[in-house]
Each structure stands twice: as C-alpha cells, then as structure tokens.
Amino acid sequence: MSNKMWGGRFTERPDEIMEDINVSIDVDRHLYAQDIAASKAHAAMLAAQGIITAGDAKNIGKGLDTILSEITKGSFEFKRALEDIHMNVESRLSELIGPAAGRLHTARSRNDQVATDFRLFVRDTIDDIDASLAAYQQALATRALEFAGTVMPGFTHLQTAQPVTFGHHLLAYVEMAGRDRGRFLDARKRLNESPLGAAALAGTSFPIDRHATAEALGFERPMANSLDAVSDRDFVLETLSAAAICAVHLSRFAEEIVIWTSPLVGLIKLSDKFTTGSSIMPQKRNPDAAELVRAKTGRVIGALNGLLIVMKGLPLAYQKDMQEDKQGAM
Ligand code: ARG
C-alpha cells in the first residue's frame, strides 16, 4: 500500500509523531478564502489555455464554491491527516466532483500555492489594519479637538517640563499612526506580485498564463523569479515590521494612560467601561485595558523576531521550516 498523499516509493504511513508536527491545518485553515480564490483563478486560466477542459473548470469552480460555503457555514470537516488547507480543500473537491479535482493541481505546487495564499492574506490584513488605524486617528483627532484648550504638563524625564495642551499631545499619536499606515501601504505595494506559476521552484512546462492569474487575483504582475517566488517571506517580515513599530506606538500610548490614571499623577479618569476594580481595595480603578494593550503589543514584536529567526538560515528554495511562517502572522 502506498502513502495516500505521495504514493510512489512510499510504502509506510507517517509516524504519529511525524503527523503531529507536520500538520499546519490549525493555523493555515485561516487561508481558506484565499486558497479557494487562487484555485478558481488557476482553474479558469488552465481552461483558457486549453490545459484542462472548460467542463472540468466549471465543475472545479462549482465544487470550490460549495467548499467555501461549507467552511463559512462551519460544516466543513478539517482533517489533520490531510495536513494543511490545500490538501483539505483538494480532498473535499475530489469527494464532490471526482477525478477532475486532481486536474486543478496541474502546473501548480503547494509551494507557489501557499506563497500566493499568504500574499493575498497579508494584503487583506493590511487593508483591515489600514481601516482600523484610520478610525483610530479619527477618534484621537475628535478628542484632540475637544481638548484643544485643555492645558496639561508636558514631561521630559517624567518631570514636569512645559505646559502643553491635551489636544496637542493626542495629535502626536495621530502623526505616528499616519506614518504607520504609510509603512503598511508601502509593504502592500511591494508584496502585490503573484507567485503562481513558479510551481515547486522552477516553473512548469505547461503553457500557463501567469499574467492572467496575476490579474484575476488583483496582483500588479507575476513575480519575476520562480525561486524567489516560493522561497522568500520578506513580505511578511515587512508587514510584521510595520506592525511592530505600530505596536511600539500603541504601547507607549498605553503606558501613558497607565501613568496618567495613577492616583500619584491623577491627570485623567478612564471610563468605567475600560477599568476594573477590586472588592478588597474599593479605592482602586485599574487601567487593565491599557495594560493589556501594552502586553499584547509585546507579542507582535515577538512575532517579527520569531519569523526573522525562522528565515535567516534557509537556503533557496522552499524548506519545510517555512510552514511555521504563518504562526505569528495570523
Ligand atoms: N503547508 C505547507 C506550508 O505552509 C505547504 C507547502 C508544502 N510544500 C512542501 N514542499 N512540503 O508551507
């Protein structure tokens, strides 16, 4: 009996421990929407190029739509034995439409597939972050206007230095958030190229149209070098760098809120909605929300560090280490 995934020379199933460390479905299941969108684009291109039939492409597209709705409804059964999102989707597709499912993987490898999915995911995430940061700036600016004439001490060395206004102070964070947004958008521009067609590492001899899939997925162009396309994760590193810097800004603001609310300083009172108390020490108003922001931002910085360390020793092209790339980014 050959292994159900690779067949060929394999006669034994993977050891249980191997299966356990090999699975990535718990993390990469979050890529389902991107995986399905990329597969639909790939199937349509294969048909347009005459590599698979129009009938197969239609069935593949319909099957993928069914899978998408099963996943969003929560009825899709993710199987650990199928390792990752790509094989979970493909296996369900073959249950739904039979042998045509296998033809979807023509001229493609999981290596260019995961690179594509992850780029799409990071791009979507950047768009969400940009909207959140815009709302954050708006909220700060609204408060700044409200407190444009409210004098407070400006500090250096945490010593009272010169009078400023609370509005002026808040607008400093609006500026930081503006540069954070710029960094995210800059990363977005550079990541917006399509790895599809790089296949495992060296491309494919099938007459594929890389421009068609790139365009269908909203990428600017196909990536120029197939080895680069499957082996670099600098787009994640750049995005995490932008996130880490943004996290530092948020953490500093959180730290200031903690200081300002301390009875020793007593500059502001945080709303009850973001404060906790103590039954044994009824005088307390703990700034938990700010403390949690300060703590959670540490994990963002950790994620950047983690991925830098995963990537730094890897020769080209794909190495399995790279499966751990998504952990901190999701
Ligand atoms: N789950 C894998 C990952 O995220 C997909 C790529 C697998 N490729 C391979 N050559 N084993 O990296």
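Rule-based calculations on the coordinates, nothing more; no lab input. Just so it is clear, the structure is predicted and the values come from calculations on it, not from any experiment. FYI the Cβ positions are ideal-geometry reconstructions off the backbone, even for glycines, and counts take in every protein chain you see.
A few notes on this one:
- The ranking of R29, R221 from fewest to most other beta carbons within 10 Å of each one's beta carbon is R221, R29.
- Once the chain from R13 to A200 is taken as fully extended at 0.36 nm per residue, the excess over their C-alpha distance is 65.0 nm.
- Percentage, to the nearest whole number, of Cα pairs in the stretch 121-167 over 13 Å apart: 67
- Restricting attention to the stretch 1-144, the count of lysine pairs at 8 or more positions apart or across chains with alpha carbons under 23 Å apart stands at 8.
- Theoretical gain in end-to-end length, Q138 to E291 [0.36 nm per residue, Cα-Cα removed]: 52.8 nm
- For the stretch 34-131, the equivalent ellipsoid derived from the Cα gyration tensor has semi-axes of 22, 17, 13 Å, listed largest first.
- Per-selection metrics, the stretch 247-330 (Cα): Rg and Dmax in Å: 19.2, 60
- Taking the DSSP beta bridges with both ends in the chain, the antiparallel portion is around 80 percent.
- Close amide-amide hydrogen proximity is noted between G154 and A161, Q162, V164, each under 5 Å apart and 5 or more residues distant or on a separate chain (H modeled in the peptide plane; Pro and chain starts excluded).
- Available extension along the chain between T160 and S91 is 18.3 nm, counting 0.36 nm per residue and deducting the alpha carbon span.
- Degrees between helix 234-261 axis and first principal axis of the chain (Cα, 0 to 90, nearest 10): 20
- Dividing the mean sequence gap of close Cα pairs (under 8 Å, 6+ apart) by how many residues the chain holds gives a relative contact order of 16 percent.
- Euclidean distance between Cα centres, the stretch 151-177 to the stretch 299-330, Å: 38
- Gyration tensor over the Cα atoms of the stretch 168-263: the corresponding equivalent ellipsoid has semi-axes (square roots of 5 times the eigenvalues, largest first) of 42, 13, 8 Å.
- Cross-link reach is defined here as a Cα-Cα straight distance under 26 Å, omitting same-chain residues fewer than 8 places apart; for K284 the lysines meeting it are K269, K273, K296.
- Crossing angle, helix 32-48 versus the chain [Cα axis fit, 0-90 degrees, rounded to tens]: 40
- From phi via Karplus (6.51, -1.76, 1.60), per-residue ³J(HN,Hα) for the stretch 13-29 in Hz, x at Gly/Pro: 6, x, 4, 4, 5, 4, 4, 4, 7, 7, 6, 10, 4, 4, 9, 7, 4
- In the stretch 173-330, taking the dipole from charged Cβ atoms about the Cα centre, the farthest positive-side position among S278, I208, I309 is held by S278.
- By the beta-carbon count within 10 Å of each Cβ, the least crowded to most crowded order of S39, S91, fewest first, is S91, S39.
- Expected-Rg normalisation [2.2 N^0.38 Å, Cα atoms] applied to the chain: 1.25
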